[in-house]
Amino acid sequence: QIASCIYAMECDMLEKTKPAISICFALEHFLNGRKVLIMELTKRIDSVFCRWDHPDTPGGQVLVKHHGKVIYDRCFGLANLEHCIPITPTTRFHVASVSKQITVLSLLLLAEQGKVDLDADVRTYLPDLVHWKETVTVRNLMNNTSGIRDQWELFCLRGIHYTDTITMRDFEQTLRPQRTLNFQPGSRFLYSNSNFTMIAQIVHRISGMDLPDFAQQHIFAPLGMTHTCIRRGYWQMIPELALSYSDDGSGRFVPSALNFALWGATSMNTNVTDLMLLLEHYHHPRICSQKTIDEMMNCPTLADGSRSGYGGGLFVHEYKGHPCFEHGGVDAGYRAHVYSFPQDELDITIVSNTSNTPTAVAAQQIADIVLDLPADPPRPYETHTAAPQAGLYFFTGKEGEATLELVQDGEGWALCRNHGLTPLHDGPDGGWQIGYLPDRLRCTAEGLLWDAGAKTTPLHRLEQAKEEGNQSLLGSYSSEELTLTLDIHAQDGLLWCYHPRYGSDPMMQIDDTHFIYWQERSSAFLVTVYPGGSLTLDAGRCLNMVFQKQ
């Protein structure tokens with residue numbers, strides 16, 4: 001009887017508590033399901049970074065937040081291969097052009113105070129550096145619509161090597177002789193690092209503080225970015241800094257050092273946690289007004305009526321119908337990317353010390369996974385339409401530069417690079433894959449097609465120009481804007497171009513009036529010869545550099 005009474009009481013209690021028990025079961029089921037979903041999401045994001053997921057290679061950091069919650073946070077690989085030092089959450093990375101948004105934000109903080117007029121001519125603030133006749137506004141600088149030639153190609157032509165200890169003074173001495181622009185200001189968008197180095201100079205002259213100090217005091221410290229600084233030069237110690245390594249596609253990592261002392265366009269050192277704080281500030285401004293953030297997101301209308309996709313130090317657009325803003329960075333072996341989808345409350349920050357995983361593509365893949373976006377269709381690759389030919393291949397247009405040296409390696413083919421050969425593998429489509437990198441090559445009757453994902457570049461096989469038929473080209477040519485004289489001369493029946501820093505490099509012939517000056521077997525400039533003894537040099541972000549025959 002007692003047992004029967006207890007049983008009846010338990011049944012009655014169970015009946016009364018059934019809703020609560022059901023809720024508990026439902027909650028447990030939900031949490032278990034969410035745990036499975038997060039594990040599956042983590043596994044899918046892990047696969048994006050399979051090249052980093054090794055104990056003996058460089059790697060990076062990845063941080064993803066969705067609806068204000070961290071859903072992915074992981075470190076991969078080594079910060080230092082020589083000493084087997086792993087990447088940790090506090091490791092810092094050079095993030096290259098991701099720095100530009102800090103430069104623009106510094107400028108806009110001064111504009112908020114009424115100290116800078118964005119629509120003023122830049123010579124208002126830099127009168128000793130600007131000597132072209134056109135009006136370039138401060139806004140043109142931050143929107144990449146100025147037409148000012150890019151500093152890196154100007155440095156290269158002047159004989160200042162990328163691995164030199166380039167300083168802000170070198171930049172000033174390179175900018176000051178410039179008298180012409182790539183195009184009329186405001187007429188088009190063309191990315192130029194010079195714009196942001198000039199903004200850094202404006203910040204310095206208006207505030208009395210150089211950009212590293214200004215950003216530290218007015219941005220990094222107030223936002224709690226305690227692992228971030230702008231590096232002044234190779235001599236500055238950066239705690240826990242990951243070293244940079246280039247990957248040639250064959251699994252071999254080569255140290256890739258940075259020595260320059262330039263800021264504005266580059267040189268911020270940070271990690272994904274601090275970059276996430278910066279993205280959060282864009283959503284909920286703490287150190288500036290919402291108007292300033294809106295200014296960074298505002299893309300100008302160009303002269304032809306089209307709208308640019310670049311705001312103030314940020315690309316602003318839609319990805320698969322989802323509004324977003326982003327910026328990437330590439331210097332030496334370093335790679336970085338920030339990607340934000342404000343309406344979806346999704347923020348992605350990625351930094352790396354190697355070049356084998358395109359961080360922009362990786363960020364998009366993460367967005368596809370988290371937002372359940374439709375996967376991109378397989379890229380359509382085509383087969384070779386001509387037999388391979390060993391030789392030198394060049395991009396022969398004005399706006400861009402690319403060179404490849406194709407060689408036969410035993411029974412296969414390879415690309416000859418500074419540090420050795422990168423093998424070419426037959427892909428399932430019939431073309432070549434460059435090592436294990438995603439880039440593809442296809443042989444055609446005209447040359448090679450190089451598919452790097454974002455664009456396909458045609459490359460033409462060229463021979464070195466012969467002296468015969470080109471005697472009128474021989475002589476010395478000077479550029480006042482570069483304070484440089486080049487000497488085109490003949491040796492053993494072939495044409496060479498002598499540079500006072502680099503020595504003699506080959507001139508490759510396209511046709512009677514177009515050549516490629518292959519400088520130091522790395523940079524390539526299109527040479528156009530004009531009647532009357534002048535020629536121009538062009539590259540991707542540095543156009544119409546005039547040289548007069550002496």
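Below is a table of values for the structure above.
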{"read-out": "Shape call, region 453-505: gyration tensor on alpha carbons, a/c limit 1.5", "value": "oblate"}
{"read-out": "Potential extension, residue 502-residue 187 segment - 0.36 nm per residue separation minus Cα distance", "value": "109.9 nm"}
{"read-out": "Residue 478/residue 120 FRET efficiency (R0 41 Å; Cβ-Cβ; nearest 0.05)", "value": "0.75"}
{"read-out": "Sparsely packed GluC sites (Glu not before Pro) within region 400-446, loop by DSSP, other Cβ within 10 Å at most 10", "value": "411"}
{"read-out": "Loop-resident sites, region 414-518, for trypsin sites (Lys or Arg not before Pro), counting at most 15 other Cβ within 10 Å (DSSP)", "value": "455, 501"}
{"read-out": "Listed residue (253, 37, 488) projecting farthest to the positive dipole end of the chain, Cβ model", "value": "37"}
{"read-out": "Cα-centred dipole magnitude for the chain, charges only on beta-carbon of K, R (+1) and D, E (-1), debye, nearest 20", "value": "1040 debye"}
{"read-out": "Shape of region 396-439, Cα gyration tensor, a/c cut at 1.5", "value": "oblate"}
{"read-out": "Accessible carbon and sulfur surface of region 281-408 relative to its total accessible area, %, 1.4 Å", "value": "51 percent"}
{"read-out": "Distance between modelled label sites at residue 320 and residue 429, nm, 7 Å Cα→Cβ extension", "value": "2.0 nm"}
{"read-out": "Label point distance in nm, residue 511-residue 418, each placed 7 Å from Cα along Cα→Cβ", "value": "3.4 nm"}
{"read-out": "Alpha-carbon radius of gyration plus Dmax, which is the widest Cα pair, for region 390-541 in Å", "value": "16.8, 52"}
{"read-out": "Theoretical FRET efficiency, 1/(1+(r/R0)^6), r = Cβ-Cβ of residue 528 and residue 252, R0 35 Å, to 0.05", "value": "0.40"}
{"read-out": "Charge dipole of region 331-462 about the Cα centre (unit charges at C-beta), most positive-ward option of 400, 370, 418", "value": "418"}
{"read-out": "22 Å Cα-Cα threshold exceeded, pairs from 43/69; 291/320; 100/291; 65/320", "value": "291/320"}
{"read-out": "Fully extended contour minus Cα-Cα distance, from residue 371 to residue 237, at 0.36 nm per residue", "value": "44.3 nm"}
{"read-out": "Paramagnetic label zone (point 7 Å from Cα along Cα-to-C-beta, residue 37; backbone N under 17 Å) in region 326-346", "value": "344-346"}
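The values are calculated or read from the model by the stated rules, or taken from the named source; none is laboratory data. All of these numbers come straight from a predicted model, not from anything done at the bench. For neighbour counting, all protein chains shown are included, and Cβ atoms are generated from backbone atoms with ideal geometry for every residue, glycine included. SASA here: full protein model, heavy atoms, side chains in, ligands and nucleic acids out. Shrake-Rupley method; radii C 1.70, N 1.55, O 1.52, S 1.80 Å.
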